[in-house]
Amino acid sequence: MQGYNVIVVFNRQLDRVLMCKRTKEPYKGKSNFVGGKIEKGEDGYTAAYRELREETAITSADISITHLVDFNYPLDDCFVEVYVGKLNKDVILKEEKHPLYWSGFDNNFFDSSQYAGYGNIGHIMELIWLYKDNQLEL
């Protein structure tokens, strides 16, 4: 079973979330969180920090992430691990292949015409709001 991850990155002020605009399928042209494949033998946190560094230049010195939730897709023989964190300092982003941008929260993250994942972006954001005051260290 192939593993993937997505990492939800908030800026220091907690008023923006980092998104990328996909340049290839799946979800070409739609906004998504950053992330990628979990390599064979890699644990989830190692893979998440690696993908974050590769896709944005954000390192473990810039952010501490928490494992939020997993999505299992037996019919596609894959799973997705979701991580979340807040930057502890300002960073200079460096794109790997998908353009990066900071988004406000006044968007409908459930809008499948704009966001990847058939509503999963919205679901993930709702979980973050649910847990942010007592279980997430944001």
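Each value in this text was obtained by applying a stated rule to the coordinates, not by laboratory testing. Only a predicted model underlies this, so the values are computations on that prediction, with no experimental measurement involved. We place every Cβ from the backbone using ideal geometry, glycine too, and count neighbours over all the protein chains shown.
Quick one: how many lysine pairs in region 2-131 have C-alpha atoms under 25 angstrom apart, if they're 8 or more apart or on different chains?
For region 2-131, the number of qualifying lysine pairs is 23.
Report the label-to-label distance for ASP133 and GLU25 in nanometres (one decimal), using points 7 Å from each Cα along the Cα→Cβ vector.
Inter-label distance under the simple model: 4.4 nm.
In the Gaussian network model of the chain, springs joining C-alpha atoms below 10 Å, which of GLU126, GLU55, GLU25 carries the largest mean-square fluctuation?
Checking each option, the largest mean-square fluctuation is seen for GLU25.
With r defined as the distance between the Cβ atoms of HIS123 and ILE92 and R0 fixed at 35 Å, what FRET efficiency is calculated, to the nearest 0.05?
Working: r = 31 Å, r/R0 = 0.87.
FRET efficiency, HIS123 to ILE92: 0.70.
With n ≥ 4 as the cut-off for DSSP H runs, can you work out [θ] at 222 nm for the chain, using -39500 (n - 2.57) per run divided by the number of residues, rounded to the nearest 500? Please list the in-between numbers first.
On the way: 2 runs with 25 residues, N = 138.
Mean residue ellipticity, 222 nm, calculated: -5500 deg cm²/dmol.
I'd like the FRET efficiency for CYS78 and SER113, computed as 1/(1 + (r/R0)^6) with the beta carbon distance as r and R0 of 22 Å, rounded to 0.05.
Details: r = 24 Å, r/R0 = 1.07.
Given R0 = 22 Å and the Cβ-Cβ separation, E is 0.40.
For a footprinting-style exposure proxy, rank TYR101, TYR115 by other Cβ within 10 Å, fewest first. Walk me through the intermediate numbers first.
On the way: TYR101 14, TYR115 23.
Listed from fewest to most nearby Cβ atoms, that is TYR101, TYR115.
If you wrap the chain's Cα atoms in a convex hull and average its projection over all directions, what's the area in nm²? Intermediate results must be reported in sequence, preceding the final value.
Working: hull surface 32.1 nm².
Its average projected convex-hull area is 8.0 nm².
Evaluate the distance, in nm, between pseudo-label points positioned 7 Å from the Cα of LEU14 and of ASP106 along their respective Cα→Cβ axes.
Distance between the two pseudo-spin positions: 2.1 nm.
Which residue, GLY35, GLY117, GLY85, tops the fluctuation ranking in a GNM of the chain built on C-alpha contacts under 10 Å?
Sorting by GNM fluctuation, first place goes to GLY117.
Restricting to the chain, what percent of DSSP beta bridges are antiparallel, rounded to 5? Intermediate results must be reported in sequence, preceding the final value.
On the way: 22 of 32 bridges.
Given both bridge residues lie in the chain, the antiparallel proportion sits at roughly 70 percent.
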